Every structure is written in structure tokens, then in C-alpha cells.
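Q: Mind looking over this structure? Questions follow.
Values quoted throughout were computed directly from the atomic coordinates according to the rules given, and no laboratory measurement underlies them. Computed from a prediction, not measured in an experiment: that's the story for all the values here. Ideal geometry is used to build each Cβ from the backbone, glycine not excepted, and the neighbour counts take in all protein chains shown.
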Amino acid sequence: MRPEIAFVAAHLITLENTLTKLPVIIMMNAKIVYREKLPAVAAYSQLFETTGWNLSYRADPDALCEAISASWYTLSAYDNDDLVGFGRIISDGVLYALICDLIVKPSYQEQGIGSTLLNKLIARCLRQQVRVIWLFSAKGKSAFYKNFGFAERPSDAPGMQMLTTTD
């Protein structure tokens, strides 16, 4: 079992972004523990519902559990036993990785939890020497990801998607 990582309340810390090597300063005001294990189904379902994504996905808790269980790597953030953040990677472990479902409970946003989760997800890919890291950015959140070295794909870049749900 891997050790848990905790940050102590009420101080500023500086992390180095693993990709850009630029400092990322975050304020921590809660004791947050990061665990490399899947969260409880009900807790994850509640956190996922805070995003509004399920309005189009319409996934029940069991489907959400199945989805995250198939991940290559998951990381959960807890304040005591309360799930306050989550992120995961889908990957072949060699060439490609897709970071998805980076979620921070709204009342815990702007406290560095998302930054810490993202830095740790990127670090996991780099340790494995994954060649390409992709992510989906929620509407209006691309500036956050640019701080970590991500860039928007050019409009003439290859890549397409198929949405199989309707709104």
C-alpha cells in the first residue's frame, strides 16, 4: 500500500509543475489526504453530480463505479473521510494517457486541491514515461490547464469525437 500524503492547514506552499518546471503557488487551508484508491461509490457519485456533467451522461452510481474502476490510475482527495476531490487517468501505460474527471467539490475549490491532483496525475504519467498526455477541459477551465503546460489543440489538428448521448 502506498503512503498517504497530507498537507497541513493555513500556509502557502510552492510546488514545481512537473511538465513546465514553473512554480505553482497554492494556499492550503484544510488538512487534505490524497489516496491512490477508488472512493466509495456513493461518495464518488455525489462528487460527480456537483459537476453538472451527468445531465447529459445520465450515469447511475453503478455505471460511474464501473467507469472509474477501469482507470489506469486514480487519485482521491479527502478532508477527514469526506471525498472532496478526484482525478483519474485512462492509459495504455506507454504512449497515451487521458486525464479525465478532475473534480473538486465546489466548497473546496480555489484551495489548491485541483492543482495538487493534476500535478500528481501528470507526475504518474511522467514516471511511466508516457509520451502524450491529453485531457478534456470543462468549459471555461482551459486557463487553469494552461498553467500546467497544456495547450489547446489547433482547429486543423487531427482528432475527432463521437458523442453517444443526447441532451
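Q: What shape does region 50-100 have by the C-alpha gyration tensor, where a ≥ b ≥ c are the square roots of the eigenvalues, rounded means a/c under 1.5, and otherwise prolate means a/b greater than b/c and oblate the rest?
A: On the way: a/c = 2.01, a/b = 1.22, b/c = 1.64.
Oblate.
Q: FRET efficiency for D62 and V94, Cβ-Cβ distance as r, R0 = 45 Å, nearest 0.05?
A: Values: r = 30 Å, r/R0 = 0.68.
It comes to 0.90.
Q: Where does each of 151-159, 81-89 land if you order them by average Cβ count within 10 Å, highest first?
A: On the way: 151-159: 7.3, 81-89: 20.6.
With the highest mean Cβ count within 10 Å placed first, the list reads 81-89, 151-159.
Q: Okay, next question. Decide, for region 58-167, between rounded, prolate and oblate: order the square roots of the alpha carbon gyration tensor eigenvalues as a ≥ b ≥ c, take rounded if a/c falls under 1.5, and otherwise choose prolate if a/b is larger than b/c, else oblate. Mind dumping the intermediate values first?
A: Numbers: a/c = 1.32, a/b = 1.19, b/c = 1.11.
In terms of gyration-tensor shape, rounded.
Q: Now for a different question. Using a 7 Å offset from the Cα along the Cα-to-Cβ direction at both A143 and R131, what is the distance between the two label points in nm, to one decimal?
A: Output for this residue pair reads 3.5 nm.
Q: Related question: Give me the distance in nm between label points sitting 7 Å out from Cα along the Cα-to-Cβ direction at S107 and A70, one decimal.
A: With each label point 7 Å from Cα toward Cβ, the separation is 3.3 nm.
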